[in-house]
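Only one structure is covered here, and it is reproduced in the block below.
Nothing in this text is a laboratory measurement; each read-out follows from the coordinates by a stated rule. Here the structure is a predicted model, which is why all the values come from computation and not from measurement. Using ideal geometry, Cβ is built from the backbone for each residue, glycine included, and neighbour counts are taken over all protein chains shown.
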Amino acid sequence: MEVKYKIHNENLIVYLKNEIDHHMSEKLRTSIDSLIDNADVISLVIDFKSVNFVDSSGIGLILGRYKKMRSIGGKIKIINTTKQIKKILHMASIETIMTVN
Amino acid sequence: MKEDFMRLIIQPKSENESFARATVAAFASRMNLTLEEISDIQTAVSEAVTNSVVHGYKDKKGEIEIIVIIENNTLTIKINDFGVGIRNIKLARKPFYTTVPEGERSGMGFTIMEAFMDEVSVISQIDVGTRVTLTKEISQEEDIDLE
């Protein structure tokens, strides 16, 4: 699956869109991981600006990428979340292990 | 007295998860829901349907039945599958518990359903199926009569 991204100074920014549910997470997981593997990045930023729905599968996607970044000594950050998305991420206390803006 | 219902049957495919939650939200929206209530309902339905797809049928064929009932200010959503069933419901409802850690499931499905709905009941029998009932009281704003 094609995902919009930008690489700048070893930072990978991934721009997610629409709905991040079980169906989409499975596809996004492979796409994001191949970007991490193919570019020499030390930080991953996931942009939720164009996302209008997230459920627990989105939490799984974020936690999976968190583990992957940690395994290579890198960091992860979540940006542009709405109130509703923050509410979901807070259920799993995501904000205690990474920056959520 | 407001009273209405709908019934939807879908195949347990991940493509149908978004269709199911959007359909339930569209039907329930006649209850004068706030945007937050719509979003909460969609998320809870998404969790229950995803559970049936991922765990109930594990990519096998079958049917997921979704029934939505409106009765006055109470919204009841039943998500029934005829899959493998849940061995230990108490454990399944625990936050972060998942039977498929390699599948990147967060184990937050039931926790989110419980947080976003007023009541969540689960009945399950091995190799017969699982019935999840979600209930939410909708805080109705009185319609103002403009004369």
Dipole-positive endmost among B:14, B:111, B:73 within region B:1-121 (Cβ charges, Cα centre): B:14
Which residues make up the longest stretch of chain B that has no trypsin sites (Lys or Arg not before Pro) in a DSSP loop with at most 14 other Cβ atoms within 10 Å? B:88-147
Per-residue mean of other chain beta-carbon atoms within 10 angstrom of the beta-carbon, peptide A:50-59? 6
The correct pair for region B:32-126, radius of gyration to one decimal and Dmax as a whole number, both in Å and from Cα atoms, is 13.7, 43
Shielding by partners for A:83-90, please: the mean number of other protein chain Cβ atoms within 10 Å of each residue's Cβ. 3
Using only the alpha-carbon atoms of region A:1-95 as identical scatterers, what base-10 log of I(q)/I(0) does the Debye formula give at q = 0.12, 0.15, 0.18, 0.20 Å⁻¹? -0.32, -0.52, -0.76, -0.95
Just A:91, A:69, A:24 to compare: in a GNM of chain A, with alpha carbon springs under 10 Å, which one fluctuates most? A:91
For helix B:35-51, what angle does its Cα long axis make with the longest principal axis of chain B, in degrees from 0 to 90 and rounded to 10? 20 degrees
Connecting C-alpha atoms closer than 10 Å in a GNM of chain B, tell me which of B:137, B:114, B:15 has the biggest fluctuation. B:15
DSSP bridge pairs, the protein assembly as shown: antiparallel proportion in percent, nearest 5: 70 percent
All-pairs alpha carbon distance profile, region B:21-85, 5 Å steps from 0, percent: 3, 17, 28, 21, 14, 10, 6, 1
Note the angle between two axes, namely the Cα long axis of helix A:56-71 and the longest principal axis of the Cα atoms of chain A, as a number of degrees from 0 to 90, rounded to the nearest 10. 30 degrees
Shielding by partners, peptide B:106-116 (average Cβ within 10 angstrom, other chains): 5
Determine the equivalent ellipsoid of region A:1-40 by diagonalising the alpha-carbon gyration tensor, then write out the semi-axes as square roots of 5 times the eigenvalues, largest first, rounded to whole Å. 20, 11, 6
Please identify, among A:38, A:11, A:52, the residue showing maximal mean-square fluctuation in a Gaussian network model of chain A using a 10 angstrom Cα cutoff. A:38
What are the extents of the Cα atoms of the protein assembly as shown along their three principal axes, listed from largest to smallest and rounded to whole Å? 62, 56, 30
